[in-house]
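Engineer: Sharing a structure, written as structure tokens. Questions coming.
Every number in this text was worked out from the coordinates using simple rules, so none of it is lab data. These numbers were taken from a predicted model, which means no experiment stands behind them. Neighbour counts run over all protein chains shown; Cβ positions are idealised from the backbone, glycine included.
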Amino acid sequence: MAKKIYLDYAATTPVDGNVLEAMLPYFTEKFGNPMSVHGFGQETLEVIDNTREEVARFLKSSPTEIVFTSGATEANNLAIKGVLRSFYSIKRKPEEKPHIVTTSIEHHCVLDSCKAAQKDGSAEVTYLPVHKDGIVRLDDLKKAVRPDTVLISVMFVSNEIGTLQPIEEIGKMLSKINAEREEEKLPKIIFHTDATQATNYWDCDVRKLGVDLLSFSGHKIYAPKGTGVLYVKKGTAIKRIQDGGDQEYKMRGGTHNLTGIVGLGAAMVSLNDQKNREKTKKQVEKLRDYLIAKVLKEIPKSYLNGHKEKRTPNIVNFRFDDVEGEGLLLSLDLEGIAVSTGSACSSGALDPSHVLLALGLRHEQAHGSLRVSIGKHTTKQELDTFIKKLKVTVARLRKISGNVLAEFK
């Protein structure tokens, strides 16, 4: 049987060997609850503090600004709902309602958190459009700001199409806007970015980015699932949304995921090795460019979704005319190749990706899209095998589609 090929690194990454090795003792030998005052607990508390320092080193922040979560979904929920809870922690007039600005291509955990706030009447939300290249424009963002705006949330890298948003530019713009608002005695606008798909390859220096809140997941950086981080800049108006113990500076109750946090720390050590990180980035970029060029050249009526240059090294989203993405995904899976589609199953119905529709694609175009995401273990040989199988599969599905259409004429 042919070796399986994994090209879905944007969905999750395998745990690195050094990460697993670091975790193993904390399942059995060093198992104390970090909140316990005895020696068993203090031993594990120390390793959690070490991870906090590694994360802070990567983000160029203070360790006390790092909050461990179960992943980016929880971190994003805490960011959005925590800012709203802080707003309402002060007595307000009935007509006072906070305003949030986000984009139409955010991850569902951000969009759904905003929609939930709209539904229960706790906030008004503006969903910024993106251009056909998948990038939000600064002018559109500036125009969306209102006197009652309290939060702006823009993702760093799109998890579906891989395009980069101008986070640093937004941060600089907001710094000027907030300086003017301070003179006008208006509330500061808090800036949040979901950096889940950025941490492997991009500089996440929170000072350069100008963000107040930044979230990411461990399982995208070769650490275990069930781990995540929310960076909370000191002084940011945010309240906890989960009641319980006083863990994580009273921001997130619940017993620490000790082994997961240890694994996250080991992964962060690797990310903090700048030389190795740049080497991996160049390696993955080279493979990405090879993949794009080869597919667009060898498969007729194939297109790249998103910006051609302003994109992350590991995520590529292709569109194929006269082909259904789900059919492509399932056919490739039978060949032992794992990719993902721009479509998602929702409530039993196949809906086109909200991200691809936001680019201006028609429903049938969005349905004909495929996300291919590579990682540090991907080889050129694997991509060659994938492209070969993809060409055959696209041709076969187009033939079937043509035959079906001919029968209805």
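Engineer: Going Cα to Cα from LYS208, which aspartates and glutamates come in below 17 Å? Please leave out same-chain ones fewer than 8 positions away.
Structural biologist: Straight-line reach from LYS208, under 17 Å: GLU65, GLU168, GLU169, ASP194.
Engineer: Looking at THR193, ALA75, THR51, which one has the Cα that reaches farthest to the positive end of the dipole of the chain (charges on Cβ: Lys, Arg +1; Asp, Glu -1)?
Structural biologist: THR193
Engineer: State which entries of LYS119/LYS239; LYS81/LYS119; LYS115/LYS233; LYS220/LYS376; LYS308/LYS388 exceed 18 angstrom in Cα-Cα distance in the structure shown.
Structural biologist: Numbers: LYS119/LYS239 21 Å; LYS81/LYS119 13 Å; LYS115/LYS233 25 Å; LYS220/LYS376 12 Å; LYS308/LYS388 23 Å.
The pairs that break the limit, which is 18 Å between Cα atoms, are LYS119/LYS239; LYS115/LYS233; LYS308/LYS388.
Engineer: Counting helices only, and only those DSSP H runs with n ≥ 4, report the 222 nm mean residue ellipticity of the chain as the sum of -39,500 (n - 2.57) divided by its residues, in deg cm²/dmol to the nearest 500.
Structural biologist: Numbers: 15 runs with 180 residues, N = 409.
Calculated from helices alone, the mean residue ellipticity at 222 nm is -13500 deg cm²/dmol.
Engineer: Still on this model: Cα axis of helix 167-183 to longest principal axis of the chain: angle in degrees, 0 to 90, nearest 10?
Structural biologist: The angle comes out at about 40 degrees.
Engineer: With angles folded into 0 to 90 degrees, how steeply does helix 108-119 sit against the dominant principal axis of the chain? Use alpha carbons for both and round to 10.
Structural biologist: Around 60 degrees separate the two axes.
Engineer: Further question: Just to be sure I understand: with springs between alpha-carbon atoms less than 10 Å apart, which residue in GLY134, GLY254, GLY265 has the highest mean-square fluctuation in the Gaussian network model of the chain?
Structural biologist: Between GLY134, GLY254, GLY265, it is GLY254 that shows the largest mean-square fluctuation.
Engineer: Let me check I've understood the local charge: for VAL372, count other residues with C-beta under 10 angstrom from its C-beta, Lys and Arg +1, Asp and Glu -1. What total comes out?
Structural biologist: Details: positive: ARG288, ARG371; negative: ASP8.
Surrounding charge for VAL372 is +1.
Engineer: What is the Cα centroid distance between the stretch 115-161 and the stretch 261-323, reported in whole angstrom?
Structural biologist: If you average the Cα positions of each part, the centres end up 25 Å apart.
Engineer: Quick check on the stretch 159-282: take the gyration tensor over C-alpha atoms, sort the square-rooted eigenvalues as a ≥ b ≥ c, and tell me if it's rounded (a/c under 1.5), prolate or oblate. Please list the in-between numbers first.
Structural biologist: Values: a/c = 2.46, a/b = 1.21, b/c = 2.04.
Oblate shape, in that a/c is at least 1.5 and b/c is the bigger or equal ratio.
Engineer: Continuing with the same structure: If the viscosity is 0.890 mPa s and the temperature 25 °C, what Stokes-Einstein diffusion coefficient in µm²/s follows for the stretch 241-380 when Rh is the Kirkwood radius over Cα pairs?
Structural biologist: Details: Rh = 18.0 Å.
This corresponds to a translational diffusion coefficient of 136 µm²/s.
Engineer: So how far apart, in nm, are the two label points at ILE241 and ASP148 if each is 7 Å from Cα heading toward Cβ?
Structural biologist: 2.0
Engineer: Moving on to the next point. Suppose every K and R has +1 on its Cβ and every D and E has -1 on its Cβ; what is the size of the dipole of the stretch 17-271 about the Cα centre, in Debye to the nearest 20? Don't skip to the answer; put the middle values down first.
Structural biologist: Details: 32 positive and 33 negative charges, 140 e Å.
With Lys and Arg at +1 and Asp and Glu at -1, about 680 debye.
Engineer: Rounded to the nearest 0.05, what FRET efficiency do GLU298 and ARG362 have when you use their Cβ-Cβ distance and R0 = 35 Å? Present the calculation step by step, with values, prior to reporting the outcome.
Structural biologist: Details: r = 25 Å, r/R0 = 0.70.
So, using R0 = 35 Å, E works out to roughly 0.90.
Engineer: Mind checking which of VAL392, LEU328, ALA293 is farthest towards the positive end of the stretch 274-407's charge dipole, using Cβ charges of +1 (Lys, Arg) and -1 (Asp, Glu) about the Cα centre?
Structural biologist: ALA293
Engineer: How much net charge surrounds ALA266 when only other residues with a Cβ under 11 Å from its Cβ are counted (Lys, Arg +1; Asp, Glu -1)?
Structural biologist: -3
Engineer: Looking at the stretch 98-203, which GluC sites (Glu not before Pro) are in a loop (DSSP not H, G, I, E or B) and have at most 11 other Cβ atoms within 10 Å?
Structural biologist: Values: sites: GLU106, GLU124, GLU160, GLU168, GLU169, GLU180, GLU182, GLU183, GLU184; in loops: GLU106, GLU160, GLU184.
Hits after loop and neighbour filter: GLU184.
Engineer: Hey, another quick one. Where Lys and Arg each count +1 and Asp and Glu each count -1, what net charge lies around ASN200 among other residues with Cβ under 10 Å from its Cβ?
Structural biologist: Numbers: positive: LYS220, ARG277, LYS281, LYS376; negative: none.
Once positives and negatives cancel, what remains is +4.
Engineer: Return the loop-located trypsin sites (Lys or Arg not before Pro) in the stretch 251-332 (DSSP other than H, G, I, E, B) with at most 15 other Cβ atoms within 10 Å of their own Cβ; answer none if there are none.
Structural biologist: Here the trypsin sites (Lys or Arg not before Pro) that fit, given the DSSP loop and packing criteria, are LYS301, LYS308, LYS310.
Engineer: Remind me, relative contact order of the stretch 17-271 in percent, using alpha carbon pairs under 8 angstrom and six or more residues apart?
Structural biologist: On the way: 472 pairs, mean separation 70.7, N = 255.
28 percent.
Engineer: Starting from the Cα gyration tensor of the chain, take the square roots of the eigenvalues, sort them a ≥ b ≥ c, and report rounded, prolate or oblate (rounded when a/c is under 1.5, otherwise prolate if a/b is larger than b/c, else oblate). Before the final figure, lay out each step's value.
Structural biologist: Details: a/c = 1.99, a/b = 1.29, b/c = 1.54.
Verdict is oblate for the chain.
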